[in-house]
1. In square angstrom and rounded to 100, what buried accessible area do you get between chains C and B, total over both, with the probe at 1.4 Å?
2. How many Cβ atoms of partner chains, on average, are near each residue of A:90-100 if near means within 10 Å of its Cβ?
3. Please pull out the direction-averaged projected area of segment B:1-152, using the convex hull of its alpha-carbon atoms, in nm² to one decimal place.
4. How many partner chain Cβ atoms sit within 10 Å of a residue's Cβ in peptide B:213-224, on average, as a whole number?
5. Which residues' amide hydrogens lie under 5 Å from the amide hydrogen of A:Thr50, considering only partners 5 or more residues apart or on another chain, with H built in the peptide plane?
6. Considering only protein heavy atoms, what per residue accessible area in square angstrom results for the protein assembly as shown with a 1.4 angstrom probe?
7. Kindly provide the helix-only [θ] at 222 nm of chain A, computed as the sum of -39,500 (n - 2.57) over DSSP H runs of four or more divided by all residues, to the nearest 500 deg cm²/dmol?
8. Can you give me the angle between helix A:9-19 and the longest principal axis of chain A, using Cα atoms only, in degrees from 0 to 90, rounded to the nearest 10?
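The values are calculated or read from the model by the stated rules, or taken from the named source; none is laboratory data. No experiment lies behind these values; they were computed from the predicted model shown. Here the Cβ positions follow ideal geometry from the backbone for every residue, glycine too, while neighbour counts run over all protein chains shown. Areas reflect the complete protein model, heavy atoms only, side chains present, ligands, DNA and RNA absent. Shrake-Rupley method; radii C 1.70, N 1.55, O 1.52, S 1.80 Å.
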Amino acid sequence: MADKVLMKGNEAIAEAAIMAGCRHFFGYPITPQTEISAYMAKRMPKIGGTFLQAESELAAINMVYGAAAAGARTMTSSSSPGIALKSEGLSFLAACDLPSVIVNIQRGGPGLGGIRPSQSDYFHATRSTGHGDFHMIVLAPNTVQEMFDLTLEAFDLADKYRMPAMILGDGMLGQVMEPVDISRGNNIKTYVKDWALTGTKGLRKRNVVNSLYLSAEELELLNFQRFDKYKEVEKIARTEDYLLEDAEVVVVAYGICARIAKNAIDTARKNGIKAGLIRPVTLWPYPKHQLKAAAEKAKAFVVVEMSMGQMIEDVELSIRCSRPVLLCNRTGGMVPTREAVLESIEKAALLKGEQNADSI
Amino acid sequence: MQIVFEKPKALSDTPTHYCPGCTHGIIHRLVAEVLDELDITGETIGIAPVGCAVIHFNYFECDVAQAAHGRAPAVATGLKRVNPDNIVFSYQGDGDLAAIGTNETIHAAARGENITVIFVNNAIYGMTGGQMAPTTLPGQITQTSPYGRDTKTAGFPLRMCELLATLDGTAYAERVAVDSVKNVLKAKKAIKKAFQYQIDGKGFSIVEILSSCPTNWGLEPVKALEWLRQNMIPYYPLGVFKDKEVSR
Amino acid sequence: MAKKTRVTFAADICKGCALCVDACPKKIIRLAPETLNSKGYHPAEIIDQQACTACGFCFLMCPDVCITIEKEVN
């Protein structure tokens, strides 16, 4: 029998982190992710770990930088405006190839925005995480179980590829309670970190964690090498597909939107529309090959997201704009309804393959 | 013949990139001598700032993390919390510590974070070419205070040791200078004490070192030290501002 | 009788800042007027080794740590 525990999404992330061996958590309060900090504050002192409420998001991410440099599994969590502040540190973590896990439980923006769920940090997570040429692994859970599983995976991938990994959730997933099988947390792989700063003990040359390269030639070479590594990482791109086999209308959605879309697809099927779902589990690397393959059979795409249309660009790029792509979106903390998604599917079903989505 | 003065072992053979007469070199040597004398190089992790000392990892023989501008105390916190047995010190300039990193500095001190901060105050941004620093003196001419720092518009310099001394988490705060042989010897004593406090687990220790910047001050090295003596020391008095052991 | 001493400057590392010249109580250090090192500086040199007491003032003020001082022992 699997151990099933009823948990909030935010708590599942925190517990998974602890089971993954994370003993150093640095946070700063922001709604709607405070349960993660609260959970860590409760648990860490009992297991010899560190929970530290930093003076700012900037300090928290730089504490992560220090702890990661020391070779520890470490995490910070925040929500949209706080993640923006962490951008500086994210760039440094990537530049120094430091494994670390960052959680963004998104809320509506821009600016202070609101505290209700959103997916409007998609660009930030996958495109403009910070200055310079780099990427972060971005994982998008859509159940509390996945909040748990993908957090375990984030720590593993971060160590394996020596890069920061982000859990991109939203306020709704963070708050919802579902039963979680935590047994996977008992099987954790560890990695040797001979590059970590632990003191030379007089036995080796000094280790240095650094991102400054005054020689342009050297910096270019390092960027080339890091992007060669990213080519490897691109192989982890994955989706969860639903009724995709014969789908003429392909709905693309991640996170909570995918759950709503699934519901709408069921109704559409009952109404005779061959609809299916692609749910990207990895947002970076984006599952572009899976999208491209689906475009060969599909007539049209519908992208459901809680933003003014951000992931839609990756869908259009992946299928090289070969099919019309409709946007079904809400923003500012509003969540798309099943009816709205169904309406978009019905609209898409009327389109011929080559028709421009802008004309309808 | 016996060697009585030589380069400490904790300092590498790499010649520094610092300008002629820049006292960063003296301060590097003092830190390295303390690492040697306390025999802690193998346990020590340094944090390099953003500023002239940004590549100090080329000079110290210990492990080093280079930090984002001003974040050295936060990075030090992360390192120290993972391995409390490591000796962690940050080496920061005035812009790094007292402008962009003021928050990190104050809160690391307030937490009583068991780290050592070497704060090099030369009243100017050196690496970027001589702009006004948080510690630039009233009336001092810099690239961005070309008519002299006007306190009506640019405000007043920060006295960091005095400020940090008010915090319960600060175990030790002393201001020294490296303008003369006598003061260099005092500076070394202070640095050694700061590291010893960390070894003894006493909490946050900071040594502020008044330093020169001949290039951006536009003075010959010897004259620069005279300027430091005549202008900086009166504004930034030397001495111990906090010593947890003495005030008990 | 004064003990023998030896001051050695790593001439190629010296940046000719003259802080040692200023610090020397015996005033027996100068910047070599005829010599340029590989960096283009006039390096410091000692002009009267016999007068040196190995007090270390030059070493203490040298930012480039390019001075080594030796002293005779009994």
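1. 2300 Å²
2. Averaged over the peptide's residues, the number is 1.
3. Result: a mean projected hull area of 10.6 nm².
4. Taking the mean over all residues of the peptide, I get 2.
5. A:His24, A:Phe25
6. That works out to 40 Å² per residue.
7. -12000 deg cm²/dmol
8. Orientation of helix A:9-19: about 40 degrees from the principal axis.
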